[in-house]
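The values are calculated or read from the model by the stated rules, or taken from the named source; none is laboratory data. Predicted model only: the values in this text are computed from it and were never measured. Cβ atoms come from the backbone with ideal geometry, glycine included; neighbour counts cover every protein chain shown. Each accessible area value is taken on the protein alone, full model and side chains, heavy atoms only, with ligands, DNA and RNA left out. Shrake-Rupley method; radii C 1.70, N 1.55, O 1.52, S 1.80 Å.
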Amino acid sequence: MITVTLLGRISSMKELITTQNEKKVLNFSVVNNRYSGTEQIPDFFNVVAWDATAQFVEKYFKVGQFIMISGTIINDTYEKDNVKYYNQKIVATHVEFAGYNKSDISEKE
């Protein structure tokens, strides 16, 4: 099991859904820039959160907001038209607010 901590901005968020087993699940992605010389290269990470963590993210976070995630990396595989596809995602076990957005700060006179 590989444990990771990821800091970035939420780049997309799907709707919170309830599975047949009555578990809450939320899929979203986080973007983090890496640098190559002076060029910024965005890296996108797929994240899945379950139950209370999923509800927390859905309620308190929005696209563009900074987030810190601790979790584990999993590999999903599926087959379509006899072609095997691989997909890595991070299963969030803990999330935190990280940083702030300029729009979150009111201008002082």
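All but one of (1) on the phi < 0 side of the Ramachandran plot; (2) at pLDDT below 95 hold for T5; state the number of the condition that does not hold.
Among (1) on the phi < 0 side of the Ramachandran plot; (2) at pLDDT below 95, the lone unmet condition for T5 is (2).
I'm checking my understanding of the structure. Among residues of the stretch 35-66 that are touching a Lys or Arg at 6+ places or on another chain (Cβ under 7 Å), β-branched (V, I, T) and in contact (Cβ under 8 Å) with a residue 24 or more places away in the chain, which one is surrounded by the most Cβ atoms within 10 Å (Cβ to Cβ)?
So, considering only residues that are touching a Lys or Arg at 6+ places or on another chain (Cβ under 7 Å), β-branched (V, I, T) and in contact (Cβ under 8 Å) with a residue 24 or more places away in the chain, the one surrounded by the most Cβ atoms within 10 Å (Cβ to Cβ) is V47.
I'd like the full set of residues that are modelled with pLDDT of 95 or more and open to solvent by 60 Å² or more (accessible area, probe 1.4 Å), limited to the stretch 16-34.
Within the stretch 16-34, I17, T18, Q20, N21, E22, K23, K24 meet the criteria.
Consider I73 carefully, then state whether it is open to solvent by less than 50 Å² (accessible area, probe 1.4 Å) and either outside any loop (DSSP other than H, G, I, E, B) or of a type in the set (D, E) (or both).
For I73, the condition - open to solvent by less than 50 Å² (accessible area, probe 1.4 Å) and either outside any loop (DSSP other than H, G, I, E, B) or of a type in the set (D, E) (or both) - is not met.
Would you be able to tell me the number of residues in the stretch 11-31 that are out of contact with any Phe, Trp or Tyr (no Cβ under 7 Å at 6 or more places or on another chain) and either within 17 Å of Q88 (Cβ to Cβ) or small (G, A, S) (or both)?
2
Given the conditions (1) under 18 Å from the mean Cα position of the chain (by Cα); (2) loosely packed, with under 11 Cβ neighbours inside 10 Å, which single one is not true for K84?
So the condition that K84 fails would be (1).
Quick one: how many residues across the stretch 44-70 are part of a loop (DSSP other than H, G, I, E, B) and among the aliphatic types (A, V, I, L, M)?
Residues in the stretch 44-70 being part of a loop (DSSP other than H, G, I, E, B) and among the aliphatic types (A, V, I, L, M): 1 in total.
Anything in the stretch 1-15 that is touching a residue at least 60 places away in the same chain (Cβ under 8 Å) and open to solvent by 60 Å² or more (accessible area, probe 1.4 Å)? List them, or say none.
Passing the criteria: M1, I2, T3, T5, L7.
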